[in-house]
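S.K.: Sharing a structure with you now.
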Number of protein chains: 4
Amino acid sequence: MADLSVIAFRPAPDQYAWTFGGTEPVARIRPGAVLEVFTEDCFAGKVQSEKDLVSEVCQFPFLNPQTGPFYVEGAKPGDTLAVHFVSIEPARDWAVSTTVPLFGALTATHSTAMLHDPLPEIVWIWRLDRHARTCRFQSRRGSYAVDLPMEPMHGTLGVAPANLEVRSALVPDSFGGNMDTPELRAGVTCYLGVNVEGALVSLGDGHARQGEGEACGVAVEAAMESVIVVDLIKGQRCAWPRIESDSHLMTTGSARPLEDAFRIAQAEMVTWVSADFGLDVLDAYQLVTQAVEAPIANVVDTNYTCIAKMAKRWLPKVEVYGSAHRRLRETAAAYRSQK
Amino acid sequence: MADLSVIAFRPAPDQYAWTFGGTEPVARIRPGAVLEVFTEDCFAGKVQSEKDLVSEVCQFPFLNPQTGPFYVEGAKPGDTLAVHFVSIEPARDWAVSTTVPLFGALTATHSTAMLHDPLPEIVWIWRLDRHARTCRFQSRRGSYAVDLPMEPMHGTLGVAPANLEVRSALVPDSFGGNMDTPELRAGVTCYLGVNVEGALVSLGDGHARQGEGEACGVAVEAAMESVIVVDLIKGQRCAWPRIESDSHLMTTGSARPLEDAFRIAQAEMVTWVSADFGLDVLDAYQLVTQAVEAPIANVVDTNYTCIAKMAKRWLPKVEVYGSAHRRLRETAAAYRSQK
Amino acid sequence: MADLSVIAFRPAPDQYAWTFGGTEPVARIRPGAVLEVFTEDCFAGKVQSEKDLVSEVCQFPFLNPQTGPFYVEGAKPGDTLAVHFVSIEPARDWAVSTTVPLFGALTATHSTAMLHDPLPEIVWIWRLDRHARTCRFQSRRGSYAVDLPMEPMHGTLGVAPANLEVRSALVPDSFGGNMDTPELRAGVTCYLGVNVEGALVSLGDGHARQGEGEACGVAVEAAMESVIVVDLIKGQRCAWPRIESDSHLMTTGSARPLEDAFRIAQAEMVTWVSADFGLDVLDAYQLVTQAVEAPIANVVDTNYTCIAKMAKRWLPKVEVYGSAHRRLRETAAAYRSQK
Amino acid sequence: MADLSVIAFRPAPDQYAWTFGGTEPVARIRPGAVLEVFTEDCFAGKVQSEKDLVSEVCQFPFLNPQTGPFYVEGAKPGDTLAVHFVSIEPARDWAVSTTVPLFGALTATHSTAMLHDPLPEIVWIWRLDRHARTCRFQSRRGSYAVDLPMEPMHGTLGVAPANLEVRSALVPDSFGGNMDTPELRAGVTCYLGVNVEGALVSLGDGHARQGEGEACGVAVEAAMESVIVVDLIKGQRCAWPRIESDSHLMTTGSARPLEDAFRIAQAEMVTWVSADFGLDVLDAYQLVTQAVEAPIANVVDTNYTCIAKMAKRWLPKVEVYGSAHRRLRETAAAYRSQK
């Protein structure tokens, strides 16, 4: 572990990426590299008080800035990237949430088009106590306040898309992107299929916490200091992002309507359990049906995202993706012991 | 508590209900009554071995038999029923699951109509160990077997629908019904709006356990011995079924597409938090967005069902529905101490 | 034709049906009978001026009154009813449309639940000129007025549902019901699968005209004087309502999301063309893909409805359902010549 | 009209575009220019016989080749492009359709993920008779054959997307693209909002004919010789593609689920009628509800597309987009008279 490659990268203001694909890499890294990165919040840090309305201070397409992309040496289409989250820590003592006109699950939107006026636009500043690990909700139109647990996560992690596409950083799809799942937390490894040479991985959209579904469209948005390890698994494909924790295997699906996101995630889990754990596909269908959790990630983005989550203890003892998660856990431990 | 009214009811074979509404009550009960009931499994007990295919041994509409309905004295439209689950225990040492032709989330169905042949029809018999609290999955086309925790629940609990309707016991909707949510377990209270005199509540469809979404369409189906307490809250409406546990408030939505089920449950939670806990509706929208869990119930029934689940500890200290849940917990304790 | 059985039926105010199924028949008829019926408008005639708001003058479940049901002698489950529309004529010189709070395609609804206030509730009275065959739109908040062609149709035609169900007259489903398709006009024959003895057919919800999709939720609603012939096809099933005109075969699907309604109608057409016209199913898939029209019926009711419409001239020369349509056309001609 | 600018462009094999955005223009044109273009079929001409299976002869992303993009001088974000179709003529005497594994409305797909095997992959070669204006369907597994009217159209017409995105030529969205609507025929003008300097307009995906919905996913695909006129309307926005014919105004929506595509198109029509024709928005909602047609374009692409179609004769006499359609009709006439 003497040769742990640690790269720190804090983007200059003009150095953020606003898309997946279509952007020059900010750095080239070797598989196994540890990245210490700063990520801005989804509003590019422009919403700082209750007076900063998104519709006034932000401007398309400059939303959801991504840190990266990083060019991973040796990554080619058909390989899989393994991104391990060592730590995700809020960079400031506040975070922000808002309503955004014509965005969210309980409002007319540009695609669920209706004749209503937009809901009122309101900003909530959340106070973060990084020591107590809490974030404080304070009502805007009343006095009620409450501390919720801080549970930091990245809303966005992705690689360049296939098929020559360049997608907005607001999009979740098979390349990852703006999945907005609380499952993308410290301690997990996310697998992403590589579509272009170098993979071009980036991340952003830190949330101090988020409910399932992200109903109003905006989580507790926070700039983050994060540490990730990026590894490469040669010659193994990954059609949709997968997540591994010490205890669970997870698959993701991003689509509309929401049942299609559910279907993708469930079908991915059934075929994974069948292909890698040796069960017949219908046996896998049965076991997954009775054992799976299906946490909703978001029902607000351009695609909705759903997770299928399976406890490892209920599956045959098999290590997936060449034991990448265990290996990356060791790298993370080595990194922490160096600090 | 000396006057605890306990009624035991085990339906004769011809005494099951196959619908919500449209059926004569099997008994009249007073609010506060304790019911000890037997419920048959969703196949009316006809699938007992791997050779009993649903398509051969079952026949529409004789699926998902309901125990009840019970006429609750004094219940009128505009009131709310509170049904507390004291216990839910498998009545046999086995349970069953199957694939059913053109039914389930990962297959063409009668409404997601396609040109595929149905998937193969296979039956799995699950062994239940009521002492160890486990249910054993055994592969049909391989040797893999595993014990999953037994987590008994009722897939179905409902009242007669509004608008003169009579609905199949396979339907989940605003009257409750076949919601297929693992949240309907022992220890919770379910609130159901009353649509007709006497409410006409019934239950069935026991599951030894079920994953979220019930992907293949069939859980670990089991006959149950269950104890419930049925109470009445006068003059308070309940548009969609709500569930209260010691720790959480939950709302439900049943609709297609799945995002509409999500929207109903989330909007119900936002307006509940606003109406009963004193938050402005947009403050409630914000708090729910960051704090809520959204467990999927089913993505296979005639309507899909989604839950919104909010921890009480994050809300102002308010008891809802006249403290019905706490009171019913006490009735349950009194019942158990009598046994 | 001397024995043409003609039955006139004009419901008394308390004689309407508000459901499909669950209602005693108003009359028993023999197959081949001609029915002269009056149907009230969907608001039971209660919205008569711009001041009559639906939310004030109407009350659930007393919406969409049905004339019937009629018990068809000899009809049994597994048979198909053929209902031919001889004529559909507005009974008054006015019709009405409105917005209804939380109902329609471009507004939040009870199932697409949102936090918006309802859109304003407005009534439009349309003047009908039965001689010129026009209906006049008059702006409420401006002066613009225009005559549109009168194209009378019935929004609702259905039989009692299967599976012991009773459904509101506002529901479209496999039993027919509130399909709201402009294709249900004079000159067509509608085929409906029989689910219960006597079929129990009823109709209502006349529209002087309607656009495709019925966006605001309410067409140009009119009481009607209609003449239909009801025939019975023994031993032939019909899973979803089908419509035949002199020039076209049509299938219907009613479901949510809208693509499922589309899928049902298209799959029904492909399998119909394959089963009755002798094409291989994939050849039928190809021919239908290139030749079909897919007029949307409604995107507002509890299920959305879509039609698949195929010109007969592009199919092998085959008469379907025992030439029922041609035979009923002759009955209609005989009826008219008697008048 | 002496100065009619006519540009002929026939792409070399390596000169096609496979995306909207992200491609260098093949030519710069002035507003008002007439373009004579050749477009390849959606399979890049590689499926030429019943033995050429798409899964074998085609390769992602090299599907749906676009002719263009053309840089329109002076076009800036906030302007609108007006593209008039003078003529669309099949370039060969045959066209092709196929089933494609896991693509289409009546099959499991990558997003409506299921456990079925794909449907069989079959190719149909259609014979075109350009003199008789017919295309001949010939069964593959039977003898039935029939001539359908040739009704040439372009499945694809689009500009570079907003928000820095690059999208596959298979995608329909607010920038136009793969809308697959039969309404894009000779004689109409399509309005497209400009998102980037020069607009970067391209077209392709000719269909000798197509049914509504394009159920199997593939129309009667044909290389085309087409003539278009491209004009520019300065300072007027267009959020979604609109189409004008001599008789109708049309709006489009592309989204999933299908009801959202319907909603977008209908809301666009209501707000258009309100903004440009002086009706109050709720009066427009009423008039559109009763008068509109809603032809489905496709229910198979990455977004589904729906049209709202309104007869001009039912609207106040107003010319939209600076009478662009009428002016372009005159240019087309001048072009034809020169030939």
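To keep it simple, each residue is scored yes or no on (1) under 16 Å from A:T98 (Cα atoms); (2) crowded, with 23+ Cβ neighbours inside 10 Å; (3) out of contact with any strand residue (DSSP E or B) (no Cβ under 6 Å at 6 or more places or on another chain).
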position: A:C135; (1), (2), (3): yes, yes, no
position: A:S139; (1), (2), (3): yes, no, yes
position: A:D147; (1), (2), (3): no, no, no
position: A:M153; (1), (2), (3): no, yes, no
position: A:A162; (1), (2), (3): no, no, yes
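S.K.: Further question on the same structure: From the list C:A308, C:A267, C:A324, C:A333, exactly one residue is among the small types (G, A, S), out of contact with any helix residue (DSSP H, G or I) (no Cβ under 8 Å at 6 or more places or on another chain) and closer than 22 Å to D:E259 by Cβ. Which is it?
M.R.: Answer to the selection: C:A267.
S.K.: Can you name every residue in region D:102-122 that is under 17 Å from D:V57 (Cβ atoms), crowded, with 18+ Cβ neighbours inside 10 Å and touching a helix residue (DSSP H, G or I) at 6+ places or on another chain (Cβ under 7 Å)?
M.R.: D:I122
S.K.: Evaluate the following for B:I233: is it buried (at least 23 other Cβ atoms within 10 Å of the Cβ), of a type in the set (V, I, T) and either closer than 30 Å to B:C216 by Cβ or more than 9 Å from chain A (Cβ to nearest Cβ) (or both)?
M.R.: No, not satisfied.
S.K.: Ok, one more. Could you please find all residues in region A:24-69 being β-branched (V, I, T) and over 30 Å from A:Q338 (Cβ atoms)?
M.R.: Answer for region A:24-69, where residues must be β-branched (V, I, T) and over 30 Å from A:Q338 (Cβ atoms): A:V47, A:V54, A:V57.
S.K.: A follow-up question, please. How many residues does region A:102-116 hold that are in contact with a strand residue (DSSP E or B) (Cβ under 7 Å, 6 or more places away or on another chain) and of a type in the set (S, T, Y)?
M.R.: 2
Every residue, every condition in (1) within 24 Å of B:G217 (Cβ to Cβ); (2) at pLDDT 95 or above; (3) among the aliphatic types (A, V, I, L, M), yes or no:
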| residue | (1), (2), (3) |
| --- | --- |
| B:R30 | no, yes, no |
| B:A44 | yes, yes, yes |
| B:S49 | yes, yes, no |
| B:Y71 | no, yes, no |
| B:L81 | no, yes, yes |
| B:T109 | yes, yes, no |
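S.K.: For region D:1-47, enumerate the residues that are of a type in the set (A, V, I, L, M, F, W, C), more than 14 Å from chain A (Cβ to nearest Cβ) and farther than 26 Å from D:A332 by Cα.
M.R.: Once the filter is applied, which keeps residues that are of a type in the set (A, V, I, L, M, F, W, C), more than 14 Å from chain A (Cβ to nearest Cβ) and farther than 26 Å from D:A332 by Cα, region D:1-47 yields D:A12, D:C42, D:F43, D:A44, D:V47.
S.K.: Is it true that some residue in region B:189-206 is more than 14 Å from every other protein chain (Cβ to nearest Cβ), of a type in the set (A, V, I, L, M, F, W, C) and closer than 30 Å to A:A267 by Cα?
M.R.: Looking through region B:189-206, none of the residues is more than 14 Å from every other protein chain (Cβ to nearest Cβ), of a type in the set (A, V, I, L, M, F, W, C) and closer than 30 Å to A:A267 by Cα.
S.K.: For region C:163-215, which residues satisfy the criterion of being in a strand (DSSP E or B), more than 20 Å from C:A27 (Cβ to Cβ) and hydroxyl-bearing (S, T, Y)?
M.R.: C:S168, C:T189, C:Y191
S.K.: Go through region A:328-339 and count every residue that is of a type in the set (D, E, K, R) and under 21 Å from the mean Cα position of the chain (by Cα).
M.R.: Count: 1.
S.K.: In this structure, does B:F38 turn out to be modelled with pLDDT of 95 or more and either crowded, with 19+ Cβ neighbours inside 10 Å or farther than 22 Å from B:L164 by Cβ (or both)?
M.R.: Against the criterion (modelled with pLDDT of 95 or more and either crowded, with 19+ Cβ neighbours inside 10 Å or farther than 22 Å from B:L164 by Cβ (or both)), B:F38 qualifies.
S.K.: Which condition number does C:D205 fail, the rest of (1) buried (at least 24 other Cβ atoms within 10 Å of the Cβ); (2) more than 13 Å from the chain's Cα centre (by Cα) being met?
M.R.: The number of the failed condition is (2).
S.K.: Further question: Could you please give the count of residues in region A:216-225 that are away from chain B (no Cβ under 14 Å) and either in a loop (DSSP other than H, G, I, E, B) or surrounded by 24 or more Cβ atoms within 10 Å (Cβ to Cβ) (or both)?
M.R.: Residues that pass the stated criteria total 2.
S.K.: Tell me which strands (runs of 3 or more DSSP E) are completely within region C:241-339 and hold 1 or more residues being surrounded by 24 or more Cβ atoms within 10 Å (Cβ to Cβ), touching a residue at least 12 places away in the same chain (Cβ under 8 Å) and at the interface with chain D (Cβ under 9 Å from one of its Cβ atoms), or say none if there are none.
M.R.: C:296-298, C:304-311
S.K.: Also, quick follow-up: Return yes when B:L128 is under 11 Å from the mean Cα position of the chain (by Cα), at pLDDT 95 or above and surrounded by 21 or more Cβ atoms within 10 Å (Cβ to Cβ) and no when it is not.
M.R.: The answer is no for B:L128.
The values are calculated or read from the model by the stated rules, or taken from the named source; none is laboratory data. Keep in mind that this is a model prediction, so the values were computed, not measured. Neighbour counts are summed over all protein chains in view; Cβ atoms, including those assigned to glycine, are modelled from backbone coordinates with ideal geometry.
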